[in-house]
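Engineer: Following this message is one structure expressed as structure tokens.
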Amino acid sequence: MTMDQLFAAWGSGDAESGLGEAAFCVGTQPGLCDITGWVSTPLDSQLQAVGLALDFNQTYYLNVHTKNGAGLWSEVGSSNGITILDPLADSDGDGVS
């Protein structure tokens, strides 16, 4: 297990003008960039956020937006929450760690 990276796959498109740029950030809420700022990423690809200081029992979201050929940014798309559970704790309260 690593506590310093998150991975995601994503896709986007613009039939009229195509895509010119993409960026992602990591946050503790959908659309929030409080863990990293916006970072450029390859178009329609997998992304890897590295060098993070992630905490157990915190939920993180990978947020992505793209810029089309006309220079307009899309709305932000967010992943489902990713929670890193402490392997030594009883995260679900069932009495078993």
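The values are calculated or read from the model by the stated rules, or taken from the named source; none is laboratory data. As the structure is a computational prediction, the values presented were derived from the model and not from experiment. A quick note on method: Cβ atoms are made from the backbone with ideal geometry, for glycine too, and the neighbour counts reach across all protein chains shown. The protein model used for the area step is the full one, side chains on, heavy atoms only, and it has no ligands, DNA or RNA in it. Shrake-Rupley method; radii C 1.70, N 1.55, O 1.52, S 1.80 Å.
Engineer: Report, in cubic angstrom per residue, the convex hull volume of the C-alpha atoms of the chain.
Structural biologist: That works out to 98 Å³ per residue.
Engineer: Hey, another quick one. Quick one: compute the contact order of the chain, relative version, from alpha carbon pairs under 8 angstrom and 6+ residues apart, as a percent.
Structural biologist: Normalised by residue count, the contact order of the chain is 30 percent.
Engineer: Using a 1.4 angstrom probe, figure out how much accessible area the chain has per residue, in square angstrom, rounded to the nearest whole.
Structural biologist: Solvent-accessible surface per residue comes out at 60 Å².
Engineer: For Glu21, what residues show an amide H to amide H distance below 5 Å, using hydrogens built from the backbone and excluding near sequence neighbours?
Structural biologist: Under 5 Å from the amide H of Glu21 lie the amide H atoms of Lys67, each far enough along the sequence or on another chain.
Engineer: Explain nothing, just the number: dipole magnitude of the chain about its Cα centre with +1 on each Lys and Arg Cβ and -1 on each Asp and Glu Cβ, in debye rounded to the nearest 20.
Structural biologist: Here the chain has a charge dipole of around 300 debye.
Engineer: Percent of accessible area on region 14-97 owned by carbon and sulfur, 1.4 Å probe?
Structural biologist: The value for region 14-97 is 48 percent carbon and sulfur by accessible area.
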